[in-house]
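Beneath this line is the structure, given in structure tokens, with notes to follow.
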Number of protein chains: 2
Amino acid sequence: MNPAVVLFSGGVDSTTCLAIAREEGFAPHALAIRYGQRHAFEISAAERIARALEVPLRVVDVDLRAIGGSALTADLAVPKDQPIGTGPIPVTYVPARNTIFLALALGYAEVLGASDLYIGVNAIDYSGYPDCRPEFVRAFEALANVATAAAATGRARYRVHAPLVSLDKAGIIRRGTSLRVPYELTHSCYDPDLLGRACRRCDSCRLRAAGFREAGVPDPTEYRQGG
Amino acid sequence: MNPAVVLFSGGVDSTTCLAIAREEGFAPHALAIRYGQRHAFEISAAERIARALEVPLRVVDVDLRAIGGSALTADLAVPKDQPIGTGPIPVTYVPARNTIFLALALGYAEVLGASDLYIGVNAIDYSGYPDCRPEFVRAFEALANVATAAAATGRARYRVHAPLVSLDKAGIIRRGTSLRVPYELTHSCYDPDLLGRACRRCDSCRLRAAGFREAGVPDPTEYRQGG
């Protein structure tokens with residue numbers, strides 16, 4: 001089986017993406033990024049899931065707090081109970097995050113000898129995030145094919161797979177359920193408590209809860225009390 | 001003056017690039033990346049130069065040792081006394097390094113409200129590095145213009161400037177000398193001693209020394225003894 005690098009956060013989307021990469025015949029290598037996110041708890045979720053699925057996991061540290069500009073890395077409040085996907089780009093947008101993540105995935109792919117990258121972006125739920133759109137994925141693929149030693153020497157032709165790009169959260173959960181994704185191990189909340197329990201009120205929690213509800217799949221999330 | 005983000009390592013090329021950005025009318029914001037390089041001494045050179053030129057400097061940490069694959073970040077020997085630019089891609093190539101660096105620069109630019117990025121790549125001396133070529137620079141510029149909130153909302157049109165791309169080291173040093181670049185503060189060596197003195201024998205040292213020689217500019221480098 002050919003190796004593929006899967007960007008992996010331990011959330012619903014990237015865990016589903018990992019299962020799809022495996023179903024599509026690749027040996028997935030998970031890459032998690034600890035970027036100074038306030039919800040660094042997701043890294044421990046990523047570790048648990050990688051163990052459960054018997055997938056190798058690499059964690060790279062990049063301190064995006066040095067750049068700032070986002071409620072996820074700077075000292076800004078995570079918005080709660082706001083309409084999703086209707087207003088301007090949300091403050092939880094991390095500048096150039098998926099560009100940075102795919103760049104790191106590309107470096108790791110080159111080291112592994114992998115030509116395939118998976119990223120769990122979707123343009124439906126995150127219409128406010130420019131780096132979740134199909135044109136972003138295509139532009140990165142074009143970049144990868146001039147940026148690397150492997151491509152420059154003709155050893156590789158990179159493909160960036162975004163299998164969730166046109167699915168909504170319910171569609172992702174239905175797909176993942178059919179692949180037996182262990183959603184009870186995943187973590188989504190932007191603002192968890194110290195035990196990792198979800199707040200129920202940030203954008204990410206609400207998208208997740210609505211996704212399970214619409215998919216007709218029991219929501220395994222552990223919420224904190226009085227959130 | 002509009003702000004521009006300049007990728008900055010404290011070496012000859014990026015210091016020249018910084019001076020060019022300023023000459024071209026921008027307020028340069030230097031961004032240095034501490035990526036686990038064995039020559040992390042270059043960060044202290046970057047700090048000295050930024051102070052001398054009165055340019056703000058931000059340092060971002062990204063641990064590329066977690067990815068490996070290069071003599072600059074892994075436990076491989078730095079080659080000495082080898083022909084340059086003739087063989088295959090050298091082991092000092094860091095997988096996807098400039099993609100990762102430009103991605104970080106893009107994030108910082110977005111936070112600053114800058115639309116201009118400068119990178120001191122050149123395709124002459126580093127013909128073995130795929131991410132130093134003009135087509136790489138153009139592909140990244142295209143990516144930037146779909147990847148970011150600023151571009152998606154029409155607030156910015158990114159430009160990636162690579163003013164050294166068609167200069168050789170002597171040409172860069174001549175250009176920088178005319179801009180009064182303080183080369184005595186710069187650092188190039190891949191394998192310095194603990195005092196930061198250059199080895200004289202790695203690719204980077206030899207390109208630098210030949211550049212000063214060809215440019216007819218006195219070489220201010222402090223070399224270690226018996227290198």
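Considering only residues of the range A:23-46 that are charged (D, E, K, R) and at pLDDT 95 or above, which is nearest to B:L102 (Cα to Cα)?
Restricting attention to the range A:23-46, the residues satisfying the condition of being charged (D, E, K, R) are A:23-24, A:34, A:38, A:42.
From what is left, the residues that are at pLDDT 95 or above are A:23-24.
Numbers: A:E23: 33, A:E24: 31 Å.
Among residues in the range A:23-46 that are charged (D, E, K, R) and at pLDDT 95 or above, the one nearest to B:L102 (Cα to Cα) is A:E24.
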I'm told A:V217 meets every condition in (1) over 19 Å from the mean Cα position of the chain (by Cα); (2) assigned to a loop (DSSP other than H, G, I, E, B); (3) over 27 Å from A:R51 (Cα atoms) except one. Can you identify the failing condition by its number? (3)
Looking only at the range B:137-155, count every residue that is modelled with pLDDT under 95, buried (at least 20 other Cβ atoms within 10 Å of the Cβ) and not aliphatic (A, V, I, L, M) and tell me the total. 1
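Among the residues of the range A:137-184, write down those that are assigned to a helix (DSSP H, G or I), within 14 Å of chain B (Cβ to nearest Cβ) and within 24 Å of A:A19 (Cα to Cα). Break it down stepwise before answering.
Of the residues in the range A:137-184, the ones assigned to a helix (DSSP H, G or I) are A:137-147, A:149-152, A:169-178, A:183-184.
Then drop every residue that is not within 14 Å of chain B (Cβ to nearest Cβ), which leaves A:137-147, A:149-152.
Correct list: A:V137, A:R138, A:F140, A:E141, A:A144.
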When the range B:188-201 is examined, which residues are found to be closer than 15 Å to B:E42 by Cα and either of a type outside the set (S, T, N, Q) or in a helix (DSSP H, G or I) (or both)? B:C189, B:Y190, B:D191, B:P192, B:D193, B:L194, B:L195, B:G196, B:R197, B:A198, B:C199
Return yes when A:A77 is modelled with pLDDT under 95, over 25 Å from A:L185 (Cβ atoms) and touching a Leu at 6+ places or on another chain (Cβ under 6 Å) and no when it is not. no
Of residues in the range B:198-227 being within 26 Å of B:Y129 (Cα to Cα) and touching a Phe, Trp or Tyr at 6+ places or on another chain (Cβ under 6 Å), the one surrounded by the fewest Cβ atoms within 10 Å (Cβ to Cβ): B:D219
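The values are calculated or read from the model by the stated rules, or taken from the named source; none is laboratory data. Just so you know, these numbers come straight off a predicted model, no measurement behind them. Neighbour counts run over all protein chains shown; Cβ positions are idealised from the backbone, glycine included.
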